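Please treat every number below as a calculation from the coordinates, not as lab data. In this text the structure is predicted, and so the values were computed from the model without any measurement. Cβ placement follows ideal geometry from the backbone for every residue including glycine, while neighbour counts extend to all protein chains displayed.
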Amino acid sequence: MALLGGVSLLSWVLLVAGRNALAQQRPFLNRWSSTVLLRRTARYSPDPSRRRQARLVLAAASDSPSDHLYWLTGQAWGEHRGLRTEPSVVLALLAMAEQRRGQKGAAERHWRNLLARFPETPASADARYWLGDPGDALHQQLLEQFPAHPSSLASALTMAQTAGPHQLDGALHLARWGPRQVGSEYLLAKLCFQQGGQLPATAAATLADALLRVDNPAAAEACQPGIAQPGNATEDPWPAIRELLLQRSWSQAQTALATAIKSPHLTLAEAIRLDFWHGFVQQQLGQFEEAQRLWHRVTQRAPLSYYGWRSQVRLGTAGWPSPLQWPPTLSPAASLGPISRDDAVTWLWNTGLDVLAWEHWRHWRSATAPQDPDTFWIEGQLRLAVMDPWMGLEQLDAASWNRPASEGQLLALEQARHPIFYGQILATAAQRHGLDPALLLATARQESRFRPAQRSVVGALGLLQLMPTTAAQLMDSASIPTELADQDLETQLLDAETNANLGARYLAQQLRDWQQQPILAIASYNAGPGAVASWGMDGLEEQPELWIEAIPYDETRIYVKTVLGSWWAYSCLHGTPCLQTAEAEMVQDDKPQAGPQAGAWRHP
């Protein structure tokens, strides 16, 4: 008996060790796995968990609801396993697939099954949303149990849009849990402007606080007078330094720059600006070696930025961005965020289930807005994936420029910050009018953040933010697709293809009128050619950076630098690599196994 027991124990130990060794050798299945591996695993793997994971990845990669049903039917077995949420996710995906097929009864059965088996999981929020209606008991449960979940915010948005007893409740829920939700700010501001003086004091205070958080002080004042009074802001040395530069007071500027650059808490954006201009001033004072040292430091810290590009030009290692032959149609998926994490959000993202990853993230984060650069990075990347580039790019910019100066630019973050939306449309329009596609991508990123439905306060419309009067002058019969020929001008300009074609034509026209001088053409696109002509051309050829700093319109000055920097970055990332040998050595060899991420440039 002892011998049999020993043999049985040894066999069990060997079996467990063998399974563990085999598991370590098997590649993790995610959105970057080969289709051949995924299909083989989905059909033939003896491990049911790996079969289901492969089927989830294959379903996520397909746009067809029939494919979803094919891969996921029968896979909703098991119980909730901590961070792993496979059964509830499978049920949610099956319900969504049936909805897309128009099978409401089958979808409802899956939603009810999900709600009965996994009522505490974030996926059950979607079940409550689809099974109930705004204001009813199911939606009340949804708002209470998952207040920051996108389904809760969608319910609250509907309530806030509908006149009745629940309208204020919906607005207050948005104010507390989702003031940055698309459409929230408009509704909250409208409520304050129309009823601010009639609202209960506590409700008015809640709305006003939310509007301040989304940087709308005028609407906040309408709800709570006096709340938006400016506080004591920290004094920024840059305006005074800029004025000294424009006056060519090089010695005074050198002193001011040397003082400002000693600040121990400089962000990356502040540090590279100060370093570039410190080098510029040193060159004017004849200190050429010191100027080159400072420009090399800018290039090492932020090679894909406006100042990184201008530093390389000053060093004689770069010129204008190399024309991009043809950008990818869409940006390739990358690993999520800056660090390796093991949670449901990361698992869903790696599986390719971006919308569910976003829903889990919002539930987990609750009402907490991102505060640190790494959290801005993760949330910005998730927002891009669910087609919210307006907030997503703003958060990714914050993740990049608010980093400590010593960290430098991170290549993976810069790839995320320069996504490609409507790549085919923009590239076709650029080619038609003789433009560099990278320049048109940079312009669209700055004008609308790739939102074809974007409307500005002055009436500009669409992907490249064209004024209707300007667009009307650019139009001809070839500009409008046949299916839009009978539509009004506004509808035509909200079509991405039409807007891209007309915007490219206008930008190409500005380049021709300014003898192919990109700085003047870009400035004209924003401020108008008449305004640019009134500024004079003195110093543009010899000191273009100083000419840009002298632009009298703050918006246009920032616009020109941002578009030039994005143009350079798009060209570097998707065309001719821009790193010189010295900078290329700064790239870390920390490429991940899970996806196409890359290393970082850091100041040594």
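Can you sort 360, 80 so the residue with the fewest Cβ neighbours within 10 Å comes first? Mind showing how you got there, number by number?
Working: 360 27, 80 15.
Sorted ascending by nearby Cβ count, the order is 80, 360.
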Sorting 346, 482, 375 on the 10 Å Cβ count, fewest up front, what's the list? 482, 375, 346
Extent along principal axes [Cα atoms of the stretch 429-534; Å; largest to smallest]: 38, 30, 23
Using only the Cα atoms of the chain, build the gyration tensor, take square roots of its eigenvalues as a ≥ b ≥ c, and label the shape rounded, prolate or oblate: rounded if a/c is under 1.5, else prolate if a/b is larger than b/c, else oblate. prolate
Compare the Cα positions of 546, 572, 474 along the charge dipole of the stretch 423-577 (+1 at Cβ of Lys, Arg; -1 at Cβ of Asp, Glu; about the Cα centre) and return the one farthest towards the positive end. 572
Specify which residue in the list 251, 278, 237 is farthest towards the positive end of the charge dipole of the stretch 234-341, using unit charges on the beta carbon of Lys, Arg (+1) and Asp, Glu (-1), about the Cα centre. 278
Residue 466 long-range amide H proximity, modeled H, under 5 Å: 461
Testing the spin-label approximation: label points 7 Å from Cα along Cα→Cβ at residue 117 and residue 374. State their distance in nm. 3.5
Going through the stretch 100-178, which trypsin sites (Lys or Arg not before Pro) have at most 15 other Cβ atoms within 10 Å and a DSSP loop state? 101
Checked the stretch 411-454 with the C-alpha gyration tensor, a ≥ b ≥ c its square-rooted eigenvalues, rounded below a/c of 1.5, otherwise prolate if a/b is larger than b/c and oblate if not; verdict oblate
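For the stretch 26-223, what does the relative contact order come out to in percent, with C-alpha contacts under 8 Å and a separation of six or more?
Values: 255 pairs, mean separation 18.7, N = 198.
Answer for the stretch 26-223 is 9 percent.
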So which aspartates and glutamates pass the test for residue 190, namely a Cα distance under 17 Å, with those fewer than 8 places away in the same chain ruled out? 169, 209, 215, 221
Only Cα pairs under 8 Å and at least 6 apart count here; give the relative contact order of the stretch 431-470 as a rounded whole percent. 27
According to the square roots a ≥ b ≥ c of the eigenvalues of the Cα gyration tensor, what is the shape class of the stretch 238-315, taking rounded for a/c under 1.5, prolate for a/b larger than b/c otherwise, and oblate for the remainder? oblate
